[in-house]
Amino acid sequence: MDEQPEPVPRTGAPGAPGGAGAGLDRRAELSEFLRTRRARLKPEDVGLRDFGRHRRVPGLRREELAQLAGVSVAYYTRLEQGNGRNVSAEVLDSIARALRLTDAEHAHLTHLAKPKQHKKKPAARARQVRPALRQLLDVMDGVPAYVVGRRAEILAWNRMAAAVFGDWSELTDAERNWARLVFLRPDYRELFVDWEQKAIDIVCALRMDAGCYPDDPRLSALVGELSVKSEDFRRLWATHDVKEKSHGVKLLRHPLVGELSLNFEGFRLSGDGEQSMVTYHAEPGSPSAEALRLLASWGADATRAGAGSQAPYA
């Protein structure tokens with residue numbers, strides 16, 4: 001017989017905060033992450049026979065997953081109900097293999113089940129960018145680059161980043177956030193040719209943050225705000241997908257130079273574990289490289305015409 005879903009303590013929308021100043025519900029996060037990973041697998045995906053019996057839940061049953069992981073059904077059920085207390089790394093490894101988790105998903109599961117205690121840093125300090133990094137951004141002439149912190153916060157950027165993405169200096173600190181820009185600003189929806197993929201990347205990164213810092217009230221408040229204001233965010237947040245994406249290609253529609261195809265690279269900053277630098281460049285000799293050269297030559301005029309200067313904050 002198929003199992004019936006067990007209630008897990010939660011409040012509000014999927015992943016929404018439990019109240020002002022509260023963090024995300026780690027038990028609910030762990031429970032729903034395991035359920036969604038189990039739901040995406042079919043018996044034939046993992047070498048089990050499907051006898052065609054009616055299934056009232058999608059994907060593998062709990063007893064099938066427990067069998068694959070080599071744990072008792074009762075033990076796995078407790079874990080999926082959000083009780084990860086005292087679970088061993090070996091058991092988590094077995095469950096991750098049974099669920100065919102990626103490295104990022106495996107790390108996320110571990111963070112949710114066995115959370116680490118983080119030393120609290122003052123909010124202002126966590127947002128500080130070292131002067132040498134700011135100087136590096138400034139001397140990267142012709143290369144759009146910025147520093148991003150936890151919660152998708154944009155902390156520092158150079159003139160070329162402003163020319164491509166808009167003049168972030170005109171925004172408040174709260175507005176300088178990739179999640180708010182992508183989900184709440186119509187002009188950024190137009191900027192990214194594949195807006196859906198950019199949105200997915202943002203949500204996946206926030207999910208990773210939620211696993212590492214479930215007690216972060218500012219992250220909880222951000223998730224709650226976006227859950228209320230954006231149907232697209234609610235849809236993507238409910239998937240519980242996580243991944244790390246440190247390089248790739250972004251296609252943009254720039255209001256001055258048209259389509260841009262830019263390669264991006266993300267670098268975790270050693271000693272500044274919560275910050276990463278992201279750079280963009282075009283293939284040498286390509287139309288996009290010429291477009292970047294034009295933007296660089298236009299200076300402040302290009303910055304004023306950037307994507308983020310076209311519409312008010314929504």
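Mind ranking 233-239, 163-169 by how tightly packed they are, going by the mean number of other C-beta atoms within 10 angstrom, highest first?
163-169, 233-239
So what is the accessible area of the range 132-259 per residue, in Å², with the probe set to 1.4 Å?
So the range 132-259 comes to 40 Å² accessible per residue, rounded to a whole number.
What order, most packed first, do the peptides 174-187, 77-90 have when packing is the mean number of other Cβ atoms within 10 Å of each residue?
So the peptides 174-187, 77-90, ranked by packing, come out 174-187, 77-90.
For PHE267 and ARG218 in the same chain, what is the full-extension length gain: residue separation times 0.36 nm, less their Cα-Cα distance, in nm?
Contour length minus the Cα-Cα distance gives 15.3 nm.
Can you give the FRET efficiency to the nearest 0.05 for ASN83 and ASP138, using r as the Cβ-Cβ distance and R₀ = 51 Å?
0.50
For a quick check of understanding: with a 1.4 angstrom probe and all protein chains in place, what accessible area in square angstrom does HIS111 have, to the nearest ten?
40
Reachable aspartates and glutamates from LYS42, Cα under 15 Å, same-chain residues fewer than 8 places away excluded?
Answer for LYS42, where 15 Å is the Cα cut-off: ASP2, ASP50, GLU63, GLU64, listed by chain and number.
Which whole-number percent is the relative contact order of the range 125-280 (Cα, under 8 Å, 6+ apart)?
Once divided by the residue count of the range 125-280, the mean separation gives 23 percent.
Which entries in the list LYS198/LYS229; LYS116/LYS198; LYS114/LYS243 go over 22 Å, if you measure between the two C-alpha atoms of each?
LYS116/LYS198
The values are calculated or read from the model by the stated rules, or taken from the named source; none is laboratory data. Note that this is a predicted model, so its numbers are computed, not measured. Cβ: placed from backbone, ideal geometry, glycine included. Neighbour counts: every protein chain shown. Note: areas computed on protein heavy atoms with side chains; ligands, DNA, RNA excluded. Shrake-Rupley method; radii C 1.70, N 1.55, O 1.52, S 1.80 Å.
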